[in-house]
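One structure below.
No lab work stands behind these numbers, since they all come straight from the coordinates. Note that this is a predicted model, so its numbers are computed, not measured. Here the Cβ positions follow ideal geometry from the backbone for every residue, glycine too, while neighbour counts run over all protein chains shown.
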Amino acid sequence: MGLDTYASNTSEEIALSPEQEQAFKEAEIELCGGIYSGAPGSFRGKMYEILIPEVTGESLYQDWIPPATVKKIYEDLKEFDYEEAQDLVLGRYKSGDEFMNLLRFFRICVEHDLGLINWW
């Protein structure tokens with residue numbers, strides 16, 4: 001089952017302000033994209049569905065992830081001992097940089113009080 005993940009201000013529709021869109025563009029985050037996701041502010045959640053629950057206890061397979069939970073995910077990812085668990089990160093993803101890109105994505109969400117809309 002696929003999963004596309006989008007940063008959003010609302011649970012009703014994918015909605016970012018021009019300032020928020022610009023923050024994602026300027027960060028030049030490179031994450032795996034899906035059929036519909038992959039533009040700034042989105043990624044293919046399925047590719048990260050092993051890492052996120054392992055590190056945070058949260059699943060991306062939720063229709064809406066509110067900003068408070070996104071902040072928890074970010075804080076847990078920040079504390080993740082990347083050096084100790086490279087097999088979890090590098091065994092699934094293209095490079096260690098991809099983990100840092102994921103961390104930057106969640107940091108921008110937290111800075112802009114964004115939640116996540118997921119579609120599968």
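Quick notes on this one:
- Tensor-based shape of region 1-60 (alpha-carbon gyration tensor, a/c under 1.5 rounded, otherwise prolate or oblate): prolate
- Computed over neighbours whose Cβ is under 15 Å from that of GLU28, the net charge equals -2, Lys and Arg +1, Asp and Glu -1.
- Taking the Cα centre of the chain as reference, the dipole from Cβ charges on Lys and Arg (+1) and Asp and Glu (-1) amounts to some 240 debye.
- Averaged over residues, the count of other Cβ atoms within 10 Å places the peptides 45-54, 21-30 in the sequence 45-54, 21-30, highest first.
- Remark: the ILE35-ASP97 segment gains 20.1 nm on full extension, using 0.36 nm per residue and subtracting the alpha carbon distance.
- Rounded FRET efficiency, nearest 0.05, which uses the C-beta distance separating ARG107 from GLU12 and R0 of 35 Å: 0.90
- Put in line by how crowded their Cβ is, counting other Cβ atoms within 10 Å and starting with the fewest, ASP113, ASP81 read ASP81, ASP113.
- Relative contact order [Cα under 8 Å, 6+ residues apart], region 4-119, whole percent: 40 percent
- Summed residue charge, Cβ within 13 Å of ILE117's Cβ, Lys/Arg positive, Asp/Glu negative: -4
- Rg of the Cα atoms in the chain, relative to 2.2 N^0.38 Å, amounts to 0.96.
- When THR56, THR69, THR10, THR5 are sorted by how many other C-beta atoms sit within 10 angstrom of their C-beta, beginning with the fewest, the order is THR10, THR69, THR56, THR5.
- One decimal place: the segment GLN22-ASP76 gains 16.9 nm when fully extended, by the rule 0.36 nm per residue minus the C-alpha distance.
- Degrees between helix 67-79 axis and first principal axis of the chain (Cα, 0 to 90, nearest 10): 20 degrees
- Positive dipole terminus of the chain, leading residue within GLY34, GLN20, VAL55 (C-beta point charges): GLY34
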